[in-house]
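The values are calculated or read from the model by the stated rules, or taken from the named source; none is laboratory data. Values in this document were obtained by computation on a predicted structure and should not be read as measured data. All Cβ positions, glycine included, derive from the backbone under ideal geometry; neighbour counts span all protein chains shown. Ligands, DNA and RNA are excluded from the accessible area calculation, which covers all protein heavy atoms including side chains. Shrake-Rupley method; radii C 1.70, N 1.55, O 1.52, S 1.80 Å.
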Amino acid sequence: MTHRPGVASLAEVLLVAALYLVVLTALARFIADQGRTAALQGDRVRFEEAVRATAVILGTEVRFLAPDDLAALAPDSIRARAFRGGGMVCEGRDQEVWVRYRGIRVPEPAKDSVLLVGNEGESVHPLLASARSSRCGGSVQLALDRPAGGRYALVFETGAYSLSAGALRYRRGAGGRQPLTEAILLAPRFDADPGDGTLRAVLGPDPDSLLRLPPLSRVLGLGLLNAPGRP
Amino acid sequence: MTTRPGFVFVSALLVLMVLAVLGTGILTLGAREMAMAHAMEERARVELAAEAAARDALARWSTRGHAELAIGEESTVAVAVPGETRVTATVRRLDSRLFLVHATAHAGVGSDAGAPARASAGLLVHALLPHLLEIAFPAAIVAEDHVLLEDGDVGIARRCHAPPPAGVQAPAVVLATGFHPSADPPLVAAPPPPIPEPSPVADPLAGAAATLRLDPGAFRPDPGPAGSDCRQHPLNWGATTPGHPCSELRPFVLIGGDARIHDGEGAGFLVVQGDLLIEHAIFHGIIFVYGHLTLGPGATVHGSVRGRTVELRGGDVRFDGCAIDDALRAGHLDGPFRAGERWWIPVF
């Protein structure tokens, strides 16, 4: 029997084909695994982005809430005052006040109310009209429903943050629920800490997905004296 | 040697390319995660720093220090928080008794993604303005109704730097609407000045400002021996002797009904929500009695006393502006109070 160079035997061909098959299969599985890992990592990143966004949005909104600001709490939503701006009242006349206003947006009578704070406490007024003014070196003129005597104005809208269909959503008044995050949260809900009653947002089964949202009003201020009968 | 076509090299290159794309994606995601985590950390740090700065401003609070601010005016206050975060704080007077502490914190440097993190916090502070109460004590003895001067001595010890209240010939010795029996000048038969509102004696916050809240009863205040440390206890109302360890102690003592003080000494601001009898005791500061005040034998007061009716039966009362000034700093009168349920507010 003679061996001709360049011509493989059937056995050699089969062996090479089998080896290639094994290697290619391993490579395909490796690439598929890598793809799945990347997809999982992507999901995790998106989930964590949603958790972060929820933490920032709810944390910012809840941080300065006083007890009266929280109108309702349900497992799927909280309804509260969302502050959008404020400033010192520099002038007041009848039902109108001029405010050195700063905020994340301009006051909108269609959606906003005004909380006025002064010596004697606070009062809440629907905002009837709003306009820029040159008084007080630049201010915003707010028309309220009745004369008021407060010296600091906070403009707010009442809205509901909900955790539903896997996302944090916001609804103002009777409007639709606009998603603020991707719908990737896992059975999210609101609840209260059984120990101290602190508001919590449960965004997934992972302990890292549990957000505690204590308003600052629950934290005692050093040196700030409490009046009798007040919490 | 001949070059033969093959696909191993090409296959390896393709696989490496796929792996490189996947690896790059994962690394990019990781880097992005790191940047976001850093940004979140910075945000949390500046938020906490702003809150800490506001609390630090409260810890240093003195209402007198901000009393000169006009409504709407603000002044910068010194605050310090640990770490590299830069903090600033201002106090703005919103209303006659309402102040806003506005604290802002900035992270030292910005991240690649943007500007340095910044956070603000506002804190509403209610103040009692105790210095305004000075006007309610323009004389050694002040009575809403009448004064009975049977036996004893009334005079002026020191005017200190207390300015005379407007409209009053100060310092008057006794200021009341009537006297029994009738007396000669320098007694001034005039309605006493009203207690300005809010006052530590009438404001609901008074209870919180009090150093000691005591039930009605008999008391013998005692600061303890001169050679020991000044120990706080319900009957230590400070010492009147210079050099005593408790000579700087000026409590705001609030007694919730009738009281009798027999023997002993004390100083500061004493409010009795009933009648008070003092005998053989020394007090430096202000005594404000809701009802009837009797200064019996051996009772010595430097400062001012005020009651609905005042009876002098062997006691000695000397108007002392410095003692009044000290008393108006007693307890937490000069301190910050919560403005109500809302004290933290967002500032923009």
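How large is the helix-only mean residue ellipticity at 222 nm for chain A, computed as the sum of -39500 (n - 2.57) over DSSP H runs with n ≥ 4, divided by its residue count, in deg cm²/dmol to the nearest 500?
-9000 deg cm²/dmol, from helical runs alone.
Between B:ARG313 and B:THR177, how high is the FRET efficiency from 1/(1 + (r/R0)^6) when r is the Cβ-Cβ distance and R₀ = 30 Å? Nearest 0.05.
0.90
Expected output is a single nm value to one decimal: the length gained when fully extending between B:SER96 and B:LEU235, i.e. 0.36 nm times separation in residues minus the C-alpha distance. What is it?
46.5 nm
What does the charge count around B:LEU312 come to, taking other residues whose C-beta lies under 12 Å from its C-beta (Lys +1, Arg +1, Asp -1, Glu -1)?
So the environment of B:LEU312 carries a net charge of -4.
What does the net charge come to around B:LEU69 if you take all other residues with beta carbon closer than 14 Å to its beta carbon, with K and R at +1 and D and E at -1?
Overall, the nearby charge balance is +1.
Once amide H atoms are placed 1.01 Å from N in the peptide plane, what residues at a sequence separation of 5 or more from B:ARG86, or on another chain, have their amide H within under 5 Å of its amide H?
So B:ARG86 has HN proximity to B:HIS106, B:GLY108.
Test of the criteria: in the stretch B:227-303, which GluC sites (Glu not before Pro) are in a DSSP loop and have at most 11 other Cβ atoms within 10 angstrom of their Cβ?
Sparse-neighbourhood loop GluC sites (Glu not before Pro): B:GLU248.
With axes computed from alpha carbons, what is the tilt in degrees of helix B:8-59 against the longest principal axis of chain B, rounded to the nearest 10 within 0 to 90?
Taking Cα atoms only, the helix is inclined about 10 degrees.
Which residue, chosen from B:ALA210, A:GLY86, B:ALA52, occupies the Cα position most advanced towards the positive end of the dipole of the protein assembly as shown, where the dipole is computed from +1 (Lys, Arg) and -1 (Asp, Glu) charges on Cβ about the Cα centre?
The Cα lying farthest towards the positive end belongs to A:GLY86.
Select from the stretch B:301-339 those trypsin sites (Lys or Arg not before Pro) which occupy a DSSP coil region and have at most 16 other Cβ atoms within 10 Å, ordered by residue number.
Loop-located and lightly packed - B:ARG308.
Can you give me the C-alpha center-to-center distance between the stretch B:52-100 and the stretch B:258-301, rounded to a whole angstrom?
That distance is 37 Å.
In the calculated pair distance distribution of the stretch B:244-335, what percentage of Cα-Cα distances lie above 20 Å?
The answer is 27 percent, as a whole percent.
Return the tail of the calculated pair distribution for the stretch A:1-132, meaning the percent of Cα-Cα pairs more than 17 Å apart.
Taking all Cα-Cα pairs of the stretch A:1-132, the fraction more than 17 Å apart is 76 percent.
Taking the DSSP beta bridges in chain B as the whole, what percent of them are antiparallel, to the nearest 5?
Of all bridge pairs located within chain B, approximately 30 percent are antiparallel.
Given labels modelled 7 Å from the Cα in the Cβ direction, how far is it in nm from B:ALA44 to A:ASP76?
My value for the distance between the label points is 3.1 nm.
What accessible area per residue, rounded to a whole number of Å², is obtained for the protein assembly as shown using a probe radius of 1.4 Å?
About 48 Å² of surface per residue is accessible.
Which values of log₁₀ I(q)/I(0), to two decimal places, follow from the Debye formula for the stretch A:145-221 at q = 0.11, 0.17, 0.20, 0.22 Å⁻¹ with a uniform point scatterer at every Cα?
After summing over all Cα pairs, the log10 values are -0.44, -0.83, -0.98, -1.06.
Quick one: work out the % antiparallel among DSSP beta bridges in the protein assembly as shown, nearest 5.
Among the beta bridges of the protein assembly as shown, antiparallel pairing accounts for roughly 55 percent.
About the Cα centre of the stretch A:67-115, what is the dipole size in debye to 20, counting +1 per Lys and Arg Cβ and -1 per Asp and Glu Cβ, all else neutral?
It works out to roughly 220 debye.
Give me the compactness ratio for the stretch A:80-179, meaning the Cα radius of gyration over 2.2 N^0.38 Å.
1.16
Quantify, in whole percent, the carbon and sulfur part of the accessible surface of the stretch B:201-343 (1.4 Å probe; protein heavy atoms only).
Taking all protein chains in place, the stretch B:201-343 shows 50 percent carbon and sulfur surface.
Report the charge-dipole magnitude of the protein assembly as shown in Debye, nearest 20, computed about the Cα centre from +1 at each Lys and Arg Cβ and -1 at each Asp and Glu Cβ.
Approximately 2800 debye in magnitude.
Between B:SER228 and A:ARG135, with labels modelled 7 Å along Cα→Cβ, what's the label distance in nm to one decimal, could you check?
Placing both labels 7 Å along Cα→Cβ, they lie 6.4 nm apart.
Can you sort B:ILE71, B:ILE287 by solvent-accessible area, 1.4 Å probe, largest first?
Largest accessible area first, the residues go B:ILE71, B:ILE287.
Once Rh for the protein assembly as shown is found with the Kirkwood sum over Cα pairs, what is the Stokes-Einstein diffusion coefficient at 4 °C and 1.567 mPa s, in µm²/s?
The diffusion coefficient I find is 44 µm²/s.
Give the Kirkwood hydrodynamic radius (Å, one decimal) of chain B, defined as one over the mean of 1/r across all pairs of different Cα atoms.
24.0 Å
Would you kindly derive the ³J(HN,Hα) couplings of the stretch B:91-105 from the backbone phi angles with the Karplus curve 6.51 cos²θ - 1.76 cosθ + 1.60 (θ = phi - 60°), listing them in order in whole Hz, with x for Gly and Pro?
10, 10, 7, 8, 8, 4, 10, 10, 10, 10, 8, 10, 10, 10, 10
Please list, in chain and number order, the residues 5+ apart from B:THR300 or on another chain whose amide H is under 5 Å from its amide H, with Hs placed from the backbone.
B:ALA281, B:ILE282, B:PHE283, B:ASP316
How large is log10 I(q)/I(0) at q = 0.11, 0.18, 0.22 Å⁻¹ when the Debye formula is applied to the Cα atoms of the stretch B:42-136, each weighted equally and without solvent?
Rounded to two decimals, the profile gives -0.36, -0.77, -1.00.
Under the rule of at least 5 residues apart or a separate chain, name every residue whose amide H is placed under 5 Å from the amide H of A:CYS90.
Counting only residues 5 or more places away or on other chains, the set is A:TRP98, A:VAL99, A:ARG100.
Where the only charges are on Cβ atoms (+1 Lys, Arg; -1 Asp, Glu), what is the dipole of chain B about its Cα centre, to the nearest 20 debye?
1540 debye
Using a 1.4 Å probe on protein heavy atoms only, how many Å² of accessible area do B and A hide from each other, summed over both chains and rounded to 100?
4900 Å²
What does the helix-only formula give at 222 nm for chain B: each DSSP H stretch with n ≥ 4 adding -39500 (n - 2.57), the total divided by the residues, and the result rounded to the nearest 500 deg cm²/dmol?
-6500 deg cm²/dmol
Suppose each label sits 7 Å from its Cα in the direction of the beta carbon; what would the B:ALA70-B:ALA190 distance come out to in nanometres?
A separation of 3.0 nm, rounded to one decimal place.
At a Förster radius of 22 Å, what calculated FRET efficiency corresponds to the Cβ-Cβ distance of A:ARG44 and B:MET17, to the nearest 0.05?
My answer for the efficiency is 0.30.
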